[in-house]
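Remarks on the structure that follows.
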Amino acid sequence: MCGIIGYIGNQEAYPILIKGLHRLEYRGYDSAGVALINPNGQLNIYKNKGKVSQLEESIEGKDVSGNIGIAHTRWATHGEPNNVNAHPHYSNSGTLALIHNGIIENYALLKSGLIEKGCTFHSDTDTEVLVQLIDYIKTSGNHSLFDAVQLALNQVIGAYAIAILDRDDPDRIIIARKSSPLVIGIREEEDEYFFASDASPIVEYTNSVIYLQDNEIAIISRKEPLKVIDLKNVEKTPEVSRLEMSISQLERGDYPHFMLKEIFEQPKTIADCMKGRINTEGTNVVLSGIIDNKARFLSARRIIIVACGTSWHSALIGEHLIENLCRIPVEVEYASEFRYRDPIIYPDDIVIAISQSGETADTLAAIELSKQKGAFIYGICNVVGSSIARATDSGSYIHVGPEIGVASTKAFTGQVTVLAMLAMTLAKEKGTIKPNELTTMIKAFKKIPEQMELLLSANSQIQETAKIFTYARNFIYLGRGYSYPSALEGALKLKEISYIHAEGYPAAEMKHGPIALIDSEMPVIVIATNTKLYEKVLNNIQEVKARSGRVIAVVTEGDEDVRKLADYYIAIPKTMECFGPLLAAIPLQLLAYHIAVYKGKDVDQPRHLAKSVTVE
Ligand code: M6R
């Protein structure tokens, strides 16, 4: 949801900013822009509709000199993607340039007030109100830029991560955040500072970072030490953290797309996620977040899981796992609905928030609401130091490394892996699982990475199947029990990257309506693995076949019955029913990927989407 980056130091800023924008492009890619102050003190702003590469082309031959600058890649909220609405926005005085990630909710009111005072606006964005307001306060009240930013932000309602460049002060950048992330990278020995929406553009320059907190403003200057002051004018001592991220994790390597790389990484990411949590003998599981808060978990009346999108699908699998193994009632909620429906939350409830990015606005809001009602909040995130990771009382990281493809793949399996370990740890502590049953489970669980490896070797078979269905305009995905969330996730993967309409249903719900859609044109993907509902799913397949539907079945290896019935099949290795979604995810991801590639779609950056949804 928009990526922002900035640099101040002794190097040329432009190459750093452009490289950084490419790294941040997954956050939004409908327009991009850059502002630089050149050695003569001139403020140059270039912006362009389209991707970062188009911005680069449009700038060719222009003056991009200067060792201070800010840049932005946009996901439009207010105002269509075009050159004018692209960031940076500039002030009427011509001295300030500003970039923004977030939404200014009271922009209309602020804008009309400024228009009355004679301000002119050039764009349709909410962002422009910020730069004009800061400029107005600065010039009319003769305030310093910092004071003007602080006064302006005290009038603003909404979410923002902003950076402001002042032509009249080429040694300083001011940045601020509220509900949208900002990380500052510090390279003290070189007197250099970097800042960005996440650490990916920073990691190749420094490992020392500061995560700016809500309501904080930082003055980044080449002449004075970094200063952080909040909106109430209290000076803060920022905590310096160390980044644990490698550049190779941020690069595509030989893969044509990040999504394919991330699908193929799963045997390793799942093994990494288990590391230190499953002992080497494979006899014990310890998720420290549960053990550290054992009393709280053991006395939980109920667990509510809040999440969005793919993370919501993994939450549904978590519901099965926790209820089955721990016998604690679980409710799964879309964070966006939960936050607005005045939910009943008891102080002895535990709210688990799942988020890959750790920045999803609705999930963050659901956490705040649950906190106010006294619940204990547990986070399951991927991005270390993210807003959700910091807003929760405790939690577990999924440790799958940066996920760049907009369609979530390895984060989904990482989330399910953590949820499985959470359920096993809690069941052991609660005594709701017998020691021998736990040992059997852990043994099956430990085999998942090597089974994933095996599955990935079926890539070309899945690719062939994908080719056959590239023409399809609709897809239905069916599953039951643990496989129902897999069906939902498979359908989401397909629609978001291939733009084919796809729906996931619980297989038995078919006859209550959706079965009317079945004809010889309708591909139906059925997850028909060896589960306790296997026979019933077999009947559901018969129902589809009786209506001429074309069935692509995901079956357990060695299965003959479904294989005979289905038009196409993909076999997955045998595992316990509760771990089935970890394996079923892979063929469904690959199928969606190959269909999208055959259709010539932009797999890593599908239209209209952004990786982290930091606005509601
Ligand atoms: O970062 P989060 O896990 O909170 O993101 C939630 C959804 O926005 C995300 O899963 C989205 O649905 C993905 N594009 C799905 O592939």
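Neighbour counts of other Cβ atoms within 10 Å put H100, H608, H122 in the fewest-to-most order H608, H122, H100.
Checking the Cα-Cα distances for K294/K430; K268/K410; K467/K536; K511/K536 against a 19 Å cut-off, the pairs over it are K467/K536.
In the chain, the inverse of the mean reciprocal separation of distinct Cα atoms equals 25.5 Å; this is its Kirkwood hydrodynamic radius. Apply the a/c threshold of 1.5 to the C-alpha gyration tensor of region 494-616 and tell me whether it is rounded, prolate or oblate. Verdict is prolate for region 494-616.
From the square roots a ≥ b ≥ c of the eigenvalues of the alpha-carbon gyration tensor of region 242-348, which class results: rounded (a/c under 1.5), prolate (a/b over b/c), or oblate? Judged from the Cα gyration tensor, region 242-348 comes out oblate (a/c at least 1.5, b/c at or above a/b). Could you list the chymotrypsin sites (Phe, Trp or Tyr not before Pro) in region 317-389 that lie in coil according to DSSP, counting only those with at most 13 other Cβ atoms within 10 Å of their Cβ? Filter output for region 317-389: Y340. Each of V306, V234, V524, V332 was scored by other Cβ atoms within 10 Å of its Cβ. Arranged with the fewest first, they read V234, V332, V524, V306. So which of K545/K601; K446/K574; K443/K574; K49/K495; K19/K47 end up more than 22 Å apart, counting from Cα to Cα? With Cα atoms farther than 22 Å apart: K545/K601; K49/K495. Under 1.5 on a/c is rounded, so check that first for region 188-230, then, if it is not, pick prolate when a/b is larger than b/c and oblate when it is not; a ≥ b ≥ c are the square roots of the alpha carbon gyration tensor eigenvalues. Verdict is oblate for region 188-230.
The simple Förster model, with R0 at 41 Å and r as the Cβ-Cβ distance, assigns A295 and K443 a FRET efficiency of 0.90. Computed from backbone phi with θ = phi - 60° and the Karplus coefficients 6.51, -1.76 and 1.60, the 3J(HN,Hα) list for region 347-362 is x, 9, 7, 10, 10, 9, 10, 10, 7, 4, 6, x, 10, 4, 4, 5 Hz; x is used for glycine and proline. Relative to the longest principal axis of the Cα atoms of the chain, the long axis of helix 410-430 lies at roughly 70 degrees. Remark: region 397-407, residue by residue, has Karplus-estimated 3J(HN,Hα) of 7, 8, 6, 9, x, x, 10, 9, x, 5, 6 Hz, where x stands for each Gly or Pro and the curve is 6.51 cos²θ - 1.76 cosθ + 1.60 at θ = phi - 60°.
Arranged from fewest to most other beta-carbon atoms within 10 Å of their beta carbon, C308, C326, C119 become C119, C308, C326. For GluC sites (Glu not before Pro), the sites in region 1-94 that DSSP calls loop and that have at most 15 other Cβ atoms within 10 Å are E12, E60.
For the chain, the relative contact order comes to 12 percent (Cα pairs under 8 Å, sequence separation of at least 6). In the chain, the DSSP beta bridges split such that about 60 percent are antiparallel, to the nearest 5. Computed from phi, the 3J(HN,Hα) profile of region 449-460 under the Karplus parametrisation 6.51, -1.76, 1.60 (θ = phi - 60°) reads x, 6, 5, 5, 4, 4, 4, 5, 6, 8, 3, 5 Hz, with x in place of Gly and Pro. Backbone amide hydrogens, once placed in the peptide plane, bring S200 within less than 5 Å of nothing, excluding anything fewer than 5 places away on its chain. Calculated [222 nm] ellipticity per residue, helices only, for the chain: -11000 deg cm²/dmol; basis is -39500 (n - 2.57) per DSSP H run with n ≥ 4, divided by all residues, nearest 500. Under the criterion of Cα pairs below 8 Å and six or more residues apart, the relative contact order for region 297-338 equals 51 percent.
Around D30, what is the net charge, scoring Lys/Arg as +1 and Asp/Glu as -1 over all other residues with Cβ under 13 Å from its Cβ? Combined, the nearby Lys, Arg, Asp and Glu give +3.
For region 506-616, averaging the sequence separation of C-alpha pairs within contact (under 8 Å, six or more residues apart) and dividing by the residue count gives a relative contact order of 20 percent. For trypsin sites (Lys or Arg not before Pro), the sites in region 256-285 that DSSP calls loop and that have at most 13 other Cβ atoms within 10 Å are K275. Basic side chains Lys and Arg get +1 at the Cβ, acidic Asp and Glu get -1 at the Cβ, and with that the dipole of region 503-602 about its Cα centre reaches some 40 debye.
Values quoted throughout were computed directly from the atomic coordinates according to the rules given, and no laboratory measurement underlies them. Keep in mind that what you see is a predicted model, and the values were worked out from it rather than measured. As a convention, Cβ positions derive from the backbone with ideal geometry for all residues, glycine included, and neighbour counts pool all protein chains shown.
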